[in-house]
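Take a look at the structure set out below.
Every read-out reported here was derived from the displayed coordinates using simple, explicitly stated rules and does not represent laboratory data. Because the structure is predicted, anything quoted here is derived from the model rather than measured. As a convention, Cβ positions derive from the backbone with ideal geometry for all residues, glycine included, and neighbour counts pool all protein chains shown.
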Amino acid sequence: MPRIACLHTSDGNAAIFDAARDTARLTDVSLHHTVRADLLAAAEREGGLTPDIAAETVAVLQGLCAGADAVLLTCSTLGPAAQDAATGATVPVMRVDAALARAAVKAGGRVVVLCAVETTVAPTRRLFEDAARATGAAVEVQVVPHAWAAFKAGDLDRYRILVARAAVAAREAGATRVALAQVSMAGAAALLPEDRRPLTSPVVGLVAAARAG
């Protein structure tokens, strides 16, 4: 049974990826979850991913390679560390939002990427703009006001509602595709009609990791 080791920075993400495995029908894949909320908390205190935080993230990711067929980093703020960790790693080390970026820009057009926390903006913009070079898509990254405060307060219903409203507003403002940058935002998609749902990362990211492993 293929084994994917997931590094999360939120306890709730483990359940999201277990559900994503079922949605993607990856019944033959075993998921192993490691949660390091302290890494994201440190990045928030520092205003972003610092070299020290990146180095610690790389060390954790490379440590997870033992016994795994692939390693998946599920935190967008820490995302750039996955590339460094992949260098010399014994198995593929991936960031969950890489597959999301490729899917979002595939058809070109105007792509709006929604983030909940400021520390995610810079790494997300770089990732999506890099992917967009191959398709000519125009990428715009937006922060959903008040969403992260609701998440940190434990008000997940309000969190999802704010994200869903922002996705609707982006579509009404002319976006051809809307993507939710952070794993924790994925539940907001279910609040919208199926044909208006934004793209989310858990399923596409997990499928990419399963294929790579």
Using alpha carbons only, how many degrees (0 to 90, rounded to 10) separate the axis of helix 13-23 from the longest principal axis of the chain?
80
Using helices alone, I'd like the mean residue ellipticity at 222 nm for the chain: each DSSP H run of four-plus residues gives -39500 (n - 2.57), total over residue count, nearest 500.
-14000 deg cm²/dmol
Near-label residues of region 186-204 by backbone N, under 17 Å of a point 7 Å along Cα→Cβ of THR135
196-204
Paramagnetic reach from ALA66 in region 77-94 [backbone N under 15 Å; point 7 Å along Cα→Cβ]
90-91
Given C-alpha coordinates of region 98-200, what is the ratio Rg to Rh with the Kirkwood estimate of Rh?
0.95
Report the Cα centroid-to-centroid distance between region 1-49 and region 126-189 in angstrom, as an integer.
19
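Provide the gained length on full extension for the span HIS32 to ALA212, in nm with one decimal, where the gain is 0.36 nm per separating residue minus the Cα-Cα distance.
Values: separation 180, 0.36 × 180 = 64.80 nm, distance 1.63 nm.
Fully extending the segment from HIS32 to ALA212 adds 63.2 nm.
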